[in-house]
Structures are given as C-alpha cells and as structure tokens.
1. What is the number of the single condition among (1) surrounded by 15 or more Cβ atoms within 10 Å (Cβ to Cβ); (2) touching a helix residue (DSSP H, G or I) at 6+ places or on another chain (Cβ under 6 Å) that Ala322 does not meet?
2. Inspect all residues belonging to the range 214-228 and state whether any of them is outside the structural domain of Asp310 (by TED's automatic domain parsing), among the hydrophobic types (A, V, I, L, M, F, W, C) and either loosely packed, with under 14 Cβ neighbours inside 10 Å or free of Cβ contacts under 8 Å to residues at least 60 places away in the same chain (or both).
3. Failed condition for Arg233, given (1) touching a residue at least 24 places away in the same chain (Cβ under 8 Å); (2) over 30 Å from Gly298 (Cα atoms); (3) in contact with a Leu (Cβ under 7 Å, 6 or more places away or on another chain), with all others met?
4. Tell me which of these Ala231 doesn't satisfy, since it passes every other one: (1) at pLDDT 90 or above; (2) surrounded by 16 or more Cβ atoms within 10 Å (Cβ to Cβ); (3) not assigned by TED's automatic domain parsing to the domain that holds Arg387.
5. Take Asn408 and tell me if it is in contact (Cβ under 8 Å) with a residue 60 or more places away in the chain, closer than 28 Å to Gly343 by Cα and out of contact with any strand residue (DSSP E or B) (no Cβ under 7 Å at 6 or more places or on another chain).
6. Within the range 280-288, identify whether any single residue is of a type in the set (Val, Ile, Thr), part of a helix (DSSP H, G or I) and under 22 Å from Leu354 (Cα atoms), and answer yes or no.
7. Identify the residue in the range 236-268 that is in contact with a strand residue (DSSP E or B) (Cβ under 7 Å, 6 or more places away or on another chain) and part of a helix (DSSP H, G or I) and, among all such residues, is surrounded by the fewest Cβ atoms within 10 Å (Cβ to Cβ).
Amino acid sequence: MRKPKQARPLRLREYEAAIAALKARHPWLARQIVEPAPGHLAVVAHLFAQVEYLLPPTVVARKGSLSVSCNRDRLAIHYQPPRRHSERAAAVFDLIAQTKHLSLQKCPVCGVQVVGDGIRPKRCPQHDGIQGLFAEEVRRSRQLIVEQGVQQVVLDLGKVTTEDVRAAIAVEDEPVPSEAKPEQVQEQPTETAKSMPLPSIVFLDEAGLETFVDRHRPKGDDKFKRAQAMAERIKRAGHGSRQLGLLPPDWKALLDEFAQAFPNFHELAELMRDHFALSSLGDGRVSWPAVLLVGPAGIGKTEAARWLADQLVLPFRVFDMASTQSSSPLAGSESFWSNSEPGQLFELLAYQPLANPVVVLDELDKASNGRPQYDPLAALYTLLEPRSARDFIDLSIRDFAIDASHVNWMATANELEAIPGPLRSRLTVLHIQPPKPEQVRSIAQSIYNRLRDEASWGTAFAERLDDDVLSRLQALPPRSVRLVLQRALGSAARDDRGIVQVQDIRPLVEISHRGVGFVSEGWN
C-alpha cells in the first residue's frame, strides 16, 4: 500500500497569496486584519462566507469590524458588530465560537486533523516541537536541530532515524500540489475528530422540519426562501441530531484556575467540581443544573460564566432580562405576526452543532412582570425543567420541537426575593459575596492575562502586573477593573512601554446624564 503524502506547510509567499485571494473574494475584508495561522485558513474562509450570508458586506465594511489573527498558535477573532443588527450579530458570535472550536482540531502549521483536549491548540506530530508557522521557518528550525546535534538524542531514544530527519527536511522543497494551491482554500467547516466522538442526541424530528418548509411553499417567494434558508442552516449544523461538548481531560486543573481567577466564587467552583466529577464517570459531557448567582452588581457574575464557556469551548449567550419586554428573545414571536421571528435561544441551538451551550439570564430579578401574554419569564418555566425542555417549541415554528434540555443555565440577580417562588425552585441558588481587596488583586491579574491572550498585541506586554499596580487596582469592583486595565494598556502603548505603571491606572470618569458634573469610580 502506498504511504499517504504528508501535509506540507505553506511558504510565506503562498500564504500571502491565499490571504490576498480571501480579500479579493470578500472585498469588505480590505480594511480588516486577516492574519490567521496557515493551518486555520480553511475554517477562517468558511467563517467569512457565513458572515457574508448573515450580514450585508457593506454593513460590515462601514459599521462593524471582524479581524482574525494568530496568538501562540491559537485562532484569535475580534468582532465589533453593527449597532442595528444585534440579532444577526448574536448569530455571528455563535459562528465565531464554532470556528474557534474547529480550529483547535487543526494543526496551525499545515491544517491536518489533530486530536487535542479541545482547549489548547495542538500541532500534528510532524510539526510538534518545531518553531515557526511557515515552510521557511519550519525548515530553519529543523536544520538548527540537526546542527545542534539534538537529532542524536532523539535517535538514542529510538524515535526516528537519520533518514527520517532528512526526509522530513526534504519535504519542504517539494512543489505545491495543484489541489493545495492557496487560491483554492475550501470554504467548509472541518469535522470533529472521528477518534474522539462527542455524545450525540436526537435534537429534532426531521419530518417536522420538512413539514415546516412545505407549509411555507404556497406563501410566496420571500417566506418560502426564508424557510428554506432556515432549514438549510439547521441541516448544516447536524440535521436532526446534535453533539454535546466534552469536559477537557484536565478539568480539575481548569476549575483550580477558575477558583484562582474568581476567588469569591468558591461555592460555584465547588458545585462545578461535584457535577464534573459525576459527568466524568459517564460520557464526559459538560453539564450542570440551572444556577442562580445572587450578589451585588459589578462583582463578576457574568464574567465568571463567560470564563467557563470560553475555557470549556462552548457557545455562549447572555440574555439581558432587565430590558426584555416579552418572552420573544427566549421563545420567539407568534407565527401569526407578519414579522414573526424565531427566538435567539432557538437560533443558538439550531444553527450550531453543540446542544449544551452556556446561557446567562442576566439580572433575572429585574425582568418586567407585565401582562401574562408578554411575561418575559414565561418560557423559563418550561426551559428550566429538563423534562419539558426536551420538547421545547418556539412560538414562530410550531411544526417541530427541539431538545433544549442540555443548556447549561446560569442566572444572575441582586435581590433573590424579586424572583417568583416557582422560578426560584427550579434554580440552585448560590450567594456570591463581593471580593475582598486581596482577592481583587488575583482577579485583576486574571483579567490582565485574558486581555493579553485575546489580543493580537498581547505578547508586547509583560506577563505579570507590578505589585504597586495591583495595589492600585484592588480598590475597584471587578466590573471596572477590565475597563481601567484596557485604558492603562493603551496608555503604556502610547509611551512605547511593555509594562503597565501606576500612572497608567486612572479612575473611570463619566458625564452624568442627570445634570452638569462628573461621577468618578474608585479612589474617592
């Protein structure tokens, strides 16, 4: 049997040609940063195609931004949505989460399938331990290994032969095969590694989906095309089934890191440890009961949920319950309305392949309890009960039900008493205390680390904040720390410094809308 040909990394000029081809295909990318790892080009190309499907290119070009880069082999994506397309922007955020997840299954150098922990980027065996992303860098790295005699150590361990080393280096000189030309980057998602199948569930009845499309066939081109497009997106995400995201192998260390980043969330960390331990005895799916975090504003409740979703590589959505006037964001609008739309929860579950996202019900205690038909809490009585959530029906699409029982719910509130008793009984209530000053220091360092990891410029700054800077930050609530640090990093960058200093830490000042004057936060 002929040995399959090894994947070959792109040369720098080939990579630049592939980027130019992407920008030519999507002109709205002209002013965007497009610098992914070569091995992530395919998933990035698919992301751009899907974004263009959701948002008009002119809108993205003039009123939004979408940039991609590579940060330590990890795909970094920054998206600033247009203000008037909030619902579609939410779908774009789902696509971004899916793209990041798919990129973790690709070698950042050559793009071949890899099996990792789903949290950290991983290179294929051919490029593991090699410095650089492009063919020229990989070749220099391998030559350096040979020149330094490291290959003799590897040879002594019996891992490779000298011929293997020479053959590996020679691979870089081979011509680019016609099927791998950069201008032919395929705009299609990668597949989940077959050697590590994710748990699967029956998500919906496909016959009901076909009925939904057929019912709109006689209603005119617009409604029929819309129904067809919706059905196509559902099928692309997995037809009638969905997968469940898995716990990483090092989930215990991950929760230790969470406890360090959010020291005042000890009860939540303990709850997660209990349920993750149970899950690890089964198929390893990420699952926890619906949780209500009760505590003062600004102590990091939503940020803690976001951290967990990011580290567990799960889709994430926040519902602002304080501004919600009806149940339509969760349950959709009635189909008899001409402008009927499915709810954001339906879109989150139906349009991406994982059925266990992290969903935050922010400020649940401030949800308006108006007339029963417009009660924003009404859908939660069904959704927070796993048995009834298995057959959840969106009001705008009554032809089929979806399985919403695997959502990982996390609600936040300032006052427990403002939440109806029947709803409280469906939630595990945890009281979160404001962090102590010494805990804010740890939180500030964690926020700083995330700012560096998420940005393409992160490596330009020192890994740790100075003690005097942390002392200055510990007087602030966690919600303000991130904003203050972002400003401080900008101040340091203006002075060409890679270290944040005390003079960069400035209190937040905003103009009061109630009158003339200023309101400052911290250091009063």
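The values are calculated or read from the model by the stated rules, or taken from the named source; none is laboratory data. Because the structure is a prediction, the values reported are computed rather than measured. Heads up, the Cβs are rebuilt from the backbone with ideal geometry, glycines too, and the neighbour counts pull from every protein chain shown.
1. Only one criterion is unmet by Ala322, namely (1).
2. Filtering the range 214-228 down to residues outside the structural domain of Asp310 (by TED's automatic domain parsing) leaves 214-228.
If we keep only those that are among the hydrophobic types (A, V, I, L, M, F, W, C) too, we end up with 224, 227.
Okay, now just the ones that are also either loosely packed, with under 14 Cβ neighbours inside 10 Å or free of Cβ contacts under 8 Å to residues at least 60 places away in the same chain (or both), so 224, 227.
Yes - at least one qualifying residue is present in the range 214-228.
3. For Arg233, the failing item is (3).
4. So the condition that Ala231 fails would be (1).
5. Numbers: in contact (Cβ under 8 Å) with a residue 60 or more places away in the chain: yes; closer than 28 Å to Gly343 by Cα: yes; out of contact with any strand residue (DSSP E or B) (no Cβ under 7 Å at 6 or more places or on another chain): no.
So Asn408 does not fit the description; no.
6. We begin by selecting, within the range 280-288, every residue of a type in the set (Val, Ile, Thr); these are 286.
Next, only the ones that are part of a helix (DSSP H, G or I) stay: none.
No, the range 280-288 has no match at all.
7. Kept after step one, since they are in contact with a strand residue (DSSP E or B) (Cβ under 7 Å, 6 or more places away or on another chain), are these residues of the range 236-268: 240-246, 267-268.
If we keep only those that are part of a helix (DSSP H, G or I) too, we end up with 267-268.
Values: Glu267: 16, Leu268: 24.
Of everything passing the filter in the range 236-268, Glu267 is surrounded by the fewest Cβ atoms within 10 Å (Cβ to Cβ).
Conditions tested, residue by residue: (1) touching a strand residue (DSSP E or B) at 6+ places or on another chain (Cβ under 7 Å); (2) among the hydrophobic types (A, V, I, L, M, F, W, C).
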{"residue": "Phe276", "(1), (2)": "no, yes"}
{"residue": "Val286", "(1), (2)": "yes, yes"}
{"residue": "Ala290", "(1), (2)": "yes, yes"}
{"residue": "Ala305", "(1), (2)": "yes, yes"}
{"residue": "Pro315", "(1), (2)": "yes, no"}
{"residue": "Ser328", "(1), (2)": "no, no"}
{"residue": "Gly332", "(1), (2)": "no, no"}
